[in-house]
1. Contour minus end-to-end for N127 and E159, with contour as 0.36 nm per residue of separation and end-to-end as the Cα-Cα distance?
2. Enter the Cα centre distance for the pair the range 34-85 and the range 158-195, rounded to the nearest angstrom.
3. Could you list, in their original order, any pairs among K146/K192; K18/K73; K135/K158; K18/K40; K28/K132; K73/K126 whose Cα atoms are separated by more than 21 Å?
4. Using only Cα atoms, find the angle between the long axis of helix 60-70 and the longest principal axis of the chain, and express it within 0 to 90 degrees, rounded to the nearest 10.
5. Using θ = phi - 60° and the Karplus relation 6.51 cos²θ - 1.76 cosθ + 1.60, list the HN-Hα couplings for the range 159-166 in order, rounded to whole Hz, with x at every Gly or Pro.
6. If I fit a long axis through the Cα atoms of helix 109-120 and take the longest principal axis of the Cα atoms of the chain, what angle between them do I get, 0 to 90°, rounded to 10?
7. Report the chymotrypsin sites (Phe, Trp or Tyr not before Pro) located in the range 120-179 that are in a DSSP loop and have at most 16 other Cβ atoms inside 10 Å of their Cβ, or state none.
8. Would you kindly state how much longer the chain becomes between E27 and K2 on full extension, computed as 0.36 nm times their sequence separation minus their alpha carbon distance, in nm to one decimal?
Amino acid sequence: MKTNKELINSMLLNGALKSQNIKEAFEKIDRKYFIPKEFKDHIYDDRPLPIGKDQTISQPSTVAFMLERLEPKEGEKILDIGSGSGWTTALLCQIAGKNGSVTGLERVDELVKKGRENIARFNFGKNCDIQKAGKTLGIEDEKFDKILVSASAKEIPKELFSQLKIGGILVIPIQNSIFRFKKISAMKVEAKEYPGFVFVPLIKEE
């Protein structure tokens, strides 16, 4: 079985992982704590794995790729939509540190509970939390430095742009591409597309 160090080295070699703060987060937030026991032989395989309720924990190199595009920094306020078993939330909490804050949002009740249990072992404190997602996408009336979405939307969810600070970044899968949006001003958003990815669909209440 591969080790976490071997997984990280492979991501460094293939170019998915580059930044020191993101590399350190992968070293400290081991994927093994976020995967059901029946998949323990595949913890460090670079592929998505089921976590129950038709949801998956994303492929590590895809998570690294998205975090590199998100550019999370210490002290930032970050929103993690589709937190699943809590791995991406924990990675972001490690990066944001005690001066930052990370809120994970998850629609599946069992995963909200499991995600909270999983991140609790790292003692991040009250600035790192997973909440049950509401009817609207994101958190209305709040502004974030960064927003990560880990499930695929059918179209660009423009309501998230109003939740971004000026200069803030949104990274989200739309159909089979990952998009990076940077909010340049109140009226202008810069977009870049990275095609060739597959995600579980983003659940939105109609």
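Just so you know, all these numbers are worked out from the coordinates, no wet-lab data involved. What you see is a predicted model; the values in this text were computed from it and never measured. Here the Cβ positions follow ideal geometry from the backbone for every residue, glycine too, while neighbour counts run over all protein chains shown.
1. Residue separation times 0.36 nm, minus the Cα-Cα distance, leaves 9.1 nm.
2. 20
3. Violating the 21 Å Cα-Cα cut-off are K18/K40; K28/K132.
4. Rounded to the nearest ten degrees, it is 30.
5. Karplus values, whole Hz, x for Gly and Pro: 5, 6, 5, 6, 9, 9, 6, 4.
6. Taking the Cα atoms of the chain, the angle to 109-120 is about 70 degrees.
7. For chymotrypsin sites (Phe, Trp or Tyr not before Pro) across the range 120-179 that sit outside H, G, I, E and B with at most 16 neighbouring Cβ atoms in 10 Å, the list reads F122.
8. 7.6 nm
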